[in-house]
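Beneath this line is the structure, given in structure tokens, with notes to follow.
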Amino acid sequence: MSKCVLTLNGGSSSVKWGIYSVSEGVSELSAGEVEHTGGDDALFESIGRMRPDAIGHRIVHGGIDLFAPVRIDDAVVARLRLASAFAPLHGPAALALIDLAGAHYPGIAQVACFDTGFHADLPDIAAVLPIPKALRADGVRRYGFHGLSCESIVAQLGTPLPERIIIAHLGSGASVTAVRDGRSVDTSMGLTPSGGVVMATRAGDVDPGLMLYLLRERRMDVASIEDLIDRQSGLLGISGRSGDLRVLHASGDADADLAIRIFCRSIAKQISAMLAVLGGADLIVFTGGIGEHDAAVRMAIRADLAFAGPIEFRTIASQENAQIARHVGRTLAF
């Protein structure tokens, strides 16, 4: 007998939800997206009166030891609160959504599904950061994110799976992942979702000396630097206008154009790095809101990669919510 699974995929500004029938496979019954309003009315009104058999959540960071999907209880919530230090943009919002779902659907099992899970077994050459070894005991390593999206791409490709795949998940958050034989072997994001390529409002990788400069010369505190790096930089910071590529394409001014060019070059450079990791690629996949819908960005990135010779490119829709529903079914043995 099939079970009804509600998936909640909370981002920094909205919640994508889906309702799935789960048995031997997963089929979507309905889906939607609601902007954060500070309460649950809009979200649960859009979902309707249905009562699911289980609820699955996308959790960006599970900290140092939560990678596999897990049923949520008080102990798991406590560990997720600690893990929020690694993902301050996403962790508190996810915890609030868990509380809201529990209040709206009392007694219904909830399952945490982690974006870091796909990257849990990164080889040491990718996972270990070039810092003092003693910090590894504190969980300071490359974690990688957008794992549920990457898993969904691998699932959609099916078999036979290309040996060497590069997945460019391009949205307000963006990352590039090298996949060999269906497993992540390197990825652009690091300890936190702030690192890697240029994003909508996140700087991505910058000279670590910048942080020292801001502390020493600008007398900025930690909270101010975090706000600058995560919320004021990236496309927004370069353009001075917006972190939304649709706005930047339409504006036509020089700073907006520069922001777009820097974004595209940032992605192309990271894909080039993953070509080195894999020794080439059999397939490069664009996914995420920008990757799926912005043809101009895709064309610019491909132009920068012309040096690499013939490589197949595909655009595939990310199915994070379907992947969450699969994990819920397996975790609860539906």
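The values are calculated or read from the model by the stated rules, or taken from the named source; none is laboratory data. If you're wondering where the values come from, they're calculated on a predicted model, not measured in any experiment. Every residue, glycine among them, receives a Cβ derived from its backbone with ideal geometry; neighbour counts consider all protein chains shown. Remember, those area values only see protein heavy atoms, side chains included, never the ligands or the DNA or RNA. Shrake-Rupley method; radii C 1.70, N 1.55, O 1.52, S 1.80 Å.
Structure values in brief
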read-out: Area accessible to solvent at K269, 1.4 Å probe radius, in Å²; value: 140
read-out: Principal-axis tilt of helix 320-331 within the chain, Cα atoms, nearest 10 degrees; value: 50
read-out: Residue among G237, P106, A303 farthest towards the positive dipole end of the chain, charges placed on Cβ; value: A303
read-out: Ranked packing of 227-240, 160-173, 94-107, 301-314, most packed first, by mean Cβ within 10 Å; value: 160-173, 227-240, 94-107, 301-314
read-out: Extreme residue, positive dipole direction of the stretch 40-147, given options A87, I47, V70 (C-beta unit charges); value: A87
read-out: Relative contact order (%) - the stretch 49-101, alpha-carbon pairs under 8 angstrom, separation at least six; value: 39
read-out: Residue-normalised accessible area of the chain, given per residue in Å² at a 1.4 Å probe; value: 46
read-out: Between the stretch 208-224 and the stretch 164-180, the alpha-carbon center distance in angstrom; value: 30
read-out: Acute angle (nearest 10 degrees) that the helix 222-231 long axis makes with the longest principal axis of the chain, alpha-carbon atoms; value: 90
read-out: Cα-centre dipole for the stretch 217-334 with unit charges at Cβ (Lys and Arg positive, Asp and Glu negative), debye to 20; value: 260
read-out: Cα extents of the stretch 146-204 along the three principal axes, largest first (Å); value: 37, 18, 13
read-out: The chain - Rg and Dmax from Cα coordinates, angstrom; value: 19.7, 64
read-out: Fraction of accessible area attributable to carbon and sulfur, the chain (%, probe 1.4 Å); value: 52
read-out: Area of V34 that stays accessible when all protein chains are in place (1.4 Å probe, Å², to 10); value: 20
read-out: Nearest-20 debye value, the stretch 128-178 charge dipole, Cβ charges on Lys, Arg, Asp, Glu; value: 260
read-out: Proximal lysines to K16, defined as alpha-carbon separation beneath 23 angstrom and excluding residues fewer than eight positions away on the same chain; value: K3
read-out: Expected 222 nm ellipticity per residue - DSSP helices of 4 or more, -39500 (n - 2.57), all of the chain, to 500; value: -11500 deg cm²/dmol
read-out: Contact order relative to length of the stretch 109-225, as percent, for alpha carbon pairs under 8 angstrom and 6 or more apart; value: 21
read-out: Nearest-ten-degree value, helix 91-104 long axis tilted from longest Cα axis of the chain; value: 20
read-out: Relative contact order [Cα under 8 Å, 6+ residues apart], the chain, whole percent; value: 18
read-out: Aspartates and glutamates with Cα under 13 Å of K133, excluding same-chain neighbours fewer than 8 positions away; value: D124
read-out: Nearest-20 debye value, the chain charge dipole, Cβ charges on Lys, Arg, Asp, Glu; value: 420
